[in-house]
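Asker: Below: one structure in structure tokens.
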Amino acid sequence: MATATTELDLNDPRRRPPLVTGDQDLHSITETVSKIAERPKPPRAWYVAFAIASSLTLMFFSLIGYLVYKGTGIWGNNNPVFWAWPIVNFVFWVGIGHAGTLISAILFLFRQNWRTSINRFAEAMTIFAVICAAIFPGIHVGRVWLAYWLFPLPSTDLAMWPNFRSPLLWDVFAVSTYATVSLLFWYMGMIPDLATFRDRATSKIRKMLYGLFSLGWTGSARHWARYETAYMLLAALAAPLVLSVHTIVSFDFAVSQLPGWHTTIFPPYFVAGAVFSGFAMVVTLMVPARAFFGLKDLVTMRHLENMNKIILATGSMVGYAYAMEFFIAWYSGNAYEQFAFINRAFGPYAWAYWTMVSCNMIAPQFFWFRKVRTTPWMMVVICIFVNIGMWFERFVITITSLSRDFLPSSWGYYSPTAIDVLMLLGSFGLFFTLFLLFCRYLPMVAMAEVKAYLPDSQPHGDDHH
Amino acid sequence: MATVVEPLPKQQPKTQPVAGWLVQFADAQQLLDAAGKTNAAGLKDLDAFSPYPIHGLDLAVGMPRTKLPWLVLCGGLSGLTIAILLQWWTNAVDYPFLISGKPLFSLPANIPVAFELTILLSAFAAFFGMLIFNGLPKLRNPLFKQPVFRRVTDDAFFLYIPRQSGCDTPQQLTKLLEATEAHGVHEVLEDEPAGPLPRPLKYALIILATIATIPPLMILQARNERSEQPRVHFVPNMDYQPQAKPQNASPFFADGRAARPQVEGTVAWGDLEEDDAYYRGIRPASEQPVPARPASFAGGAANEKASDESAAGSAASDEVAPAVPPQKQPEPAANPMEPPEPDWVTQFPVPVTTELMERGRQRYNIYCAVCHGLSGDGDGLVARRAIELQQSTWVPPTSLHSPPVREQPVGKLFNTVTHGIRKMPGYASQITTEDRWAIVMYVRALQRSRNAKVDDVPENLVPQLRDLP
């Protein structure tokens, strides 16, 4: 039977706090989640946020149009820094896109049932972040209309195949596979909940659209059995995939011979950083969203605290990686490598380096305190710092190494143009536009999964376990 | 718990036969128990419906283990195979990529793409396999007609007993459910056969299908017909550039011309052509070069000396020597009105060799023989045809064996080949400087062949000469 849950239970270390609070039953979960999307009019704040985000999106696409018309000269990219903000933004967004699939796949395989309340939300965030990420290398190729040359397609105007031994091509495969599998995973998980929306729909258009996208789901035991098998398999496939994506992104750098890039620590360091930034983004968005949409009983403090613990763990890994990079630069005895790191910390980009260090190494350490881990505004502040820090990490890696390589005669100082800045802002606009539409029209919490983990949901005393 | 079958609440009269019964239960435990009992009673094709997956329910309704994992394995293996074959064929066979001498096909570099494609196709197999095995999408389902079924995605639990399962009448059903905790039984009617498409939808589909055929038809037409038009460039890339072109006006410069004249005193790369004898066929001058040369070039000491120098410069020419025609100083112009002749070189500024002579013959036969004839008599095919057609404006080519031509110094012949004379155009743009000298050399040989003495023939060939008819 559902036990009475109080805040006292949450704080009792001897027992595991329940996944959801507030005496929930099946119907109340359906109600809580569905009514968010069923309100005829969302609150005014949604409109304000959507107006800002969609204007930024519009600006983003106008700037992309201008870029296509005018060429990449509108950016600050120039000799010797040809990989500038577009690539920094790409790696930043791809990194953010790691939390969703990590929560969905890896925590699922580890039977971390607390993930059920937040996985849908995090997966949606993944998809939107990967969309933002994919735009940047796409427009960075210069002649956007030839971007299909990235894929191994036979074409008469190129008359050759891509080089399969290049990490940049691996990246094309990694990111597109990741986007596709994340989308499948997200959509598949949503089918039963879309069916709930369909069955509750009152207007004809909602009935039709939710009906179409729920594919005629009935909740049949036979369907559920295959569905669960497929979900488990997808999780098992997505788990190595999520680790591979940022590994391959790091190969873009590590396989080249530039000092500061050519290091073997990059793959694990990038993956830890990606999880770090992804979770920070989930917390940043989740805290206001759960307050705003009345999901506090489904997304409890336990969820947030668990995520903050992961941020603390991955943040410490990232900090360790920074230290280890320095150690290896010294230990290798390689003058170029040593210079690259001294230049990072004390060169012309020292301001960016120390921003990165203070945001990524110092800020998450506050999560050692339980008070910080469980106070919403404090965690949001720290997570925003983490996101800033992770953007600067990619900036430091990309720009400092490129701007000062082997030949002092070719050194330069990179500065972005206004369009660079506006495009980064625009990508945030796109991300939030998609996110707000998701909150408005789709099930934000995986209802069927949460229901399955309610106490008493599963039959007891049978021999099927 | 005995229950009564509740018929479908009627909006329309019942026209369809009963397909089966939905039996409602309060929770997962009751549903699971009932499913197990019903299945044990030997009923086939049972199904159960719940808002979330219930462990063991699939076994309780008698469902065999799904084959989906095998399908996913096949998907993964095909992804792996495709990736390896794709990388091997594109990079090692069809378009070999030579990069730093690395092997064309090496497995380590192919692992990332192979890994990604394995995952991708496995994921497709898992997702689409699940849908196909489940028979989804299936938007039309008799169950959806039963209003109570809407709660299945919220909080309701149902056992579905189809009529074909071996339980044909409500009486049998009631008996069957006595042992369970059923809360209610609802009839499900068979689906009405699908009606015809609504008319507007039908027309819309027809119009859409018609429009969809236009692009393939246009491609088909384009592939089967010739066009004089240049190829369509959807994206002009760098075909049109905002650059200044010759003969265009430009407001940027004071004189309004886009093309800029050379800055005074500059020489374009390769255009210096300092060697007068070689490039212009005149003796290197201490004073003014061609053509404003004073009339008296009867051969001052300076000129003679320059000539000697140029001859000495080409050492071979003295040894092979004989190409020089009988020395004759150019005469002062007979007509005082004519401009004075420049000081033409009389020695070849290039070494006279058999190879160059052969080259001259070849070039002569290509460029000159069409008018001047293969032997230089002025009877080339073009000349003969022009005379045949009685072309009034035709100026017959001079015979190269006529005395005035024979007496010309090689420099003048070279000048004629370079710049042309009368109707003959200059050939500087078509024939390189060296080749023009080779042609002059061959012309000299042709001229010599008409005026040779027996002494000119090598001793051992003289008897053969006498045997000629």
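The values are calculated or read from the model by the stated rules, or taken from the named source; none is laboratory data. Note that the structure is predicted; figures quoted are calculated from it, not measured. Heads up, the Cβs are rebuilt from the backbone with ideal geometry, glycines too, and the neighbour counts pull from every protein chain shown.
Asker: Among (1) farther than 28 Å from B:D276 by Cα; (2) of a type in the set (S, T, Y); (3) outside any loop (DSSP other than H, G, I, E, B), there is one condition B:Y364 misses while meeting the rest; what is its number?
Answerer: (1) is the only condition that B:Y364 fails.
Asker: Let me ask another. For a quick check of your reading of the model, give me the residue pairs whose first member lies in the range A:228-251 and is under 13 Å from A:L107 (Cβ atoms), whose second is of a type in the set (A, V, I, L, M) and at pLDDT 90 or above, with beta-carbon atoms closer than 6 Å and at least 6 apart or on different chains.
Answerer: Every condition considered, the pairs that remain are A:A238/A:V181.
Asker: Here is a follow-up. Answer yes if at least one residue in the range A:259-269 is out of contact with any Ser or Thr (no Cβ under 8 Å at 6 or more places or on another chain), farther than 30 Å from B:L139 by Cα and free of Cβ contacts under 8 Å to residues at least 40 places away in the same chain, and no otherwise.
Answerer: yes
Asker: If you don't mind, there's one more thing I want to ask. Could you tell me whether the range A:404-413 includes any residue that is buried (at least 17 other Cβ atoms within 10 Å of the Cβ), aliphatic (A, V, I, L, M) and either in contact with a Gly (Cβ under 6 Å, 6 or more places away or on another chain) or over 26 Å from A:N306 (Cβ atoms) (or both)? Let's see the steps before the verdict.
Answerer: Here is the first cut: in the range A:404-413, the residues buried (at least 17 other Cβ atoms within 10 Å of the Cβ) are A:404-405.
Within this subset, residues satisfying the condition of being aliphatic (A, V, I, L, M) are none.
Checked against the condition, which is being buried (at least 17 other Cβ atoms within 10 Å of the Cβ), aliphatic (A, V, I, L, M) and either in contact with a Gly (Cβ under 6 Å, 6 or more places away or on another chain) or over 26 Å from A:N306 (Cβ atoms) (or both), the range A:404-413 yields no hits at all.
Let's see how each residue does on (1) more than 7 Å from every other protein chain (Cβ to nearest Cβ); (2) in contact with a Ser or Thr (Cβ under 7 Å, 6 or more places away or on another chain); (3) not polar (S, T, N, Q):
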site	(1), (2), (3)
B:F115	no, yes, yes
B:T118	yes, no, no
B:L121	yes, yes, yes
B:P137	no, no, yes
B:L143	no, yes, yes
B:V148	yes, no, yes
B:T153	no, yes, no
B:F157	yes, yes, yes
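Asker: Scanning the range A:207-229 for residues that are more than 7 Å from chain B (Cβ to nearest Cβ) and touching a Lys or Arg at 6+ places or on another chain (Cβ under 6 Å), which turns out nearest to B:H55 (Cα to Cα)?
Answerer: Looking at the filtered set, the residue picked out is A:S214.
Asker: Here's a follow-up. Looking at B:L85, is it farther than 26 Å from A:E228 by Cβ, out of contact with any strand residue (DSSP E or B) (no Cβ under 9 Å at 6 or more places or on another chain) and of a type outside the set (D, E, K, R)? Can you show your working first?
Answerer: On the way: farther than 26 Å from A:E228 by Cβ: yes; out of contact with any strand residue (DSSP E or B) (no Cβ under 9 Å at 6 or more places or on another chain): yes; of a type outside the set (D, E, K, R): yes.
So B:L85 fits the description; yes.
Asker: Quick test for you: out of A:N11, A:N79, A:N89, pick the one residue that is modelled with pLDDT of 90 or more and either among the polar types (S, T, N, Q) or farther than 30 Å from A:R143 by Cα (or both).
Answerer: A:N89
Conditions (1) crowded, with 19+ Cβ neighbours inside 10 Å; (2) in contact with an Asp or Glu (Cβ under 7 Å, 6 or more places away or on another chain); (3) modelled with pLDDT of 85 or more; (4) outside any helix (DSSP H, G or I), marked per residue:
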site	(1), (2), (3), (4)
A:D23	no, no, no, yes
A:T30	yes, yes, yes, no
A:I36	yes, no, no, no
A:A49	yes, no, yes, no
A:T57	yes, no, yes, no
A:F60	yes, no, yes, no
A:L67	yes, no, yes, no
A:G73	no, no, yes, no
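Residues are listed down the side, and each one gets a yes or a no for (1) at pLDDT 90 or above; (2) in a loop (DSSP other than H, G, I, E, B); (3) surrounded by fewer than 20 Cβ atoms within 10 Å (Cβ to Cβ); (4) not aliphatic (A, V, I, L, M):
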| site | (1), (2), (3), (4) |
| --- | --- |
| B:Q390 | no, yes, yes, yes |
| B:P404 | no, no, yes, yes |
| B:R436 | yes, no, no, yes |
| B:V440 | yes, no, no, no |
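Asker: Can you spot a residue in the range A:205-224 that is without any contact (Cβ under 8 Å) to a residue 40 or more places away in the chain, surrounded by fewer than 20 Cβ atoms within 10 Å (Cβ to Cβ) and of a type in the set (D, E, K, R)?
Answerer: Scanning the range A:205-224 turns up at least one residue that is without any contact (Cβ under 8 Å) to a residue 40 or more places away in the chain, surrounded by fewer than 20 Cβ atoms within 10 Å (Cβ to Cβ) and of a type in the set (D, E, K, R).
Asker: Next question, about the same structure. Would you confirm whether or not the range B:147-155 contains a residue that is part of a helix (DSSP H, G or I), touching a residue at least 24 places away in the same chain (Cβ under 8 Å) and surrounded by fewer than 20 Cβ atoms within 10 Å (Cβ to Cβ)?
Answerer: yes
Asker: Something else now. Of B:E388, B:E407, which residue is more than 22 Å from B:D276 (Cα to Cα) and either out of contact with any helix residue (DSSP H, G or I) (no Cβ under 8 Å at 6 or more places or on another chain) or of a type in the set (D, E) (or both)?
Answerer: B:E388
Asker: Then there is this: Looking only at residues in the range B:442-457 that are of a type in the set (A, V, I, L, M, F, W, C) and out of contact with any Gly (no Cβ under 9 Å at 6 or more places or on another chain), which one is surrounded by the fewest Cβ atoms within 10 Å (Cβ to Cβ)?
Answerer: That would be B:V454.
Asker: While we're here: If A:F108 satisfies all but one of (1) more than 26 Å from B:S106 (Cβ to Cβ); (2) more than 10 Å from every other protein chain (Cβ to nearest Cβ); (3) surrounded by fewer than 19 Cβ atoms within 10 Å (Cβ to Cβ), what's the number of the condition it fails?
Answerer: It fails just one condition, (3).
Asker: Going by the structure shown, is A:V275 crowded, with 23+ Cβ neighbours inside 10 Å and in a helix (DSSP H, G or I)?
Answerer: Working: crowded, with 23+ Cβ neighbours inside 10 Å: yes; in a helix (DSSP H, G or I): yes.
Considered against the rule, which asks whether it is crowded, with 23+ Cβ neighbours inside 10 Å and in a helix (DSSP H, G or I), A:V275 comes out as yes.
Asker: Quick one: is B:S165 farther than 30 Å from A:A195 by Cβ and more than 13 Å from chain A (Cβ to nearest Cβ)?
Answerer: no
Asker: While we're on this one: Identify the single condition in (1) surrounded by fewer than 15 Cβ atoms within 10 Å (Cβ to Cβ); (2) part of a helix (DSSP H, G or I) that A:P154 does not satisfy, given that it satisfies every other one.
Answerer: The failed condition is (2).
Asker: Could you check A:K296 against (1) crowded, with 24+ Cβ neighbours inside 10 Å; (2) not small (G, A, S); (3) not in a helix (DSSP H, G or I) and say which number it fails?
Answerer: Unmet for A:K296, out of (1) crowded, with 24+ Cβ neighbours inside 10 Å; (2) not small (G, A, S); (3) not in a helix (DSSP H, G or I): (1).
Asker: With the condition kept exactly as written, say whether any residue in the range A:440-459 is away from chain B (no Cβ under 14 Å), crowded, with 19+ Cβ neighbours inside 10 Å, more than 26 Å from A:T284 (Cα to Cα) and among the hydrophobic types (A, V, I, L, M, F, W, C).
Answerer: No.
Asker: Shifting gears a bit: Here is a check on your reading of the model: is A:A452 more than 21 Å from the chain's Cα centre (by Cα), of a type in the set (A, V, I, L, M) and at pLDDT 90 or above? Give the derivation first.
Answerer: Values: more than 21 Å from the chain's Cα centre (by Cα): yes; of a type in the set (A, V, I, L, M): yes; at pLDDT 90 or above: no.
No, not satisfied.
Every residue, every condition in (1) over 28 Å from A:W85 (Cβ atoms); (2) touching a residue at least 60 places away in the same chain (Cβ under 8 Å); (3) in contact with a Ser or Thr (Cβ under 8 Å, 6 or more places away or on another chain), yes or no:
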site	(1), (2), (3)
A:I131	no, yes, no
A:F136	no, yes, yes
A:H140	no, yes, yes
A:Y148	no, no, yes
A:T156	yes, no, no
A:A159	yes, no, no
A:Y178	no, yes, yes
A:I191	yes, no, yes
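Asker: Looking at (1) within 30 Å of B:P64 (Cβ to Cβ); (2) within 9 Å of chain B (Cβ to nearest Cβ); (3) surrounded by fewer than 21 Cβ atoms within 10 Å (Cβ to Cβ), can you tell me which one A:M160 breaks?
Answerer: Only one criterion in (1) within 30 Å of B:P64 (Cβ to Cβ); (2) within 9 Å of chain B (Cβ to nearest Cβ); (3) surrounded by fewer than 21 Cβ atoms within 10 Å (Cβ to Cβ) is unmet by A:M160, namely (1).
Asker: What do you reckon, is A:A124 away from chain B (no Cβ under 14 Å), small (G, A, S), in contact (Cβ under 8 Å) with a residue 60 or more places away in the chain and surrounded by fewer than 24 Cβ atoms within 10 Å (Cβ to Cβ)?
Answerer: Here the answer is yes, as A:A124 does meet what is asked.
Asker: In addition: May I ask you to say which residue of B:F115, B:F127, B:F105, B:F97 is of a type in the set (F, W, Y) and over 23 Å from A:L150 (Cβ atoms)?
Answerer: The conditions single out B:F127.
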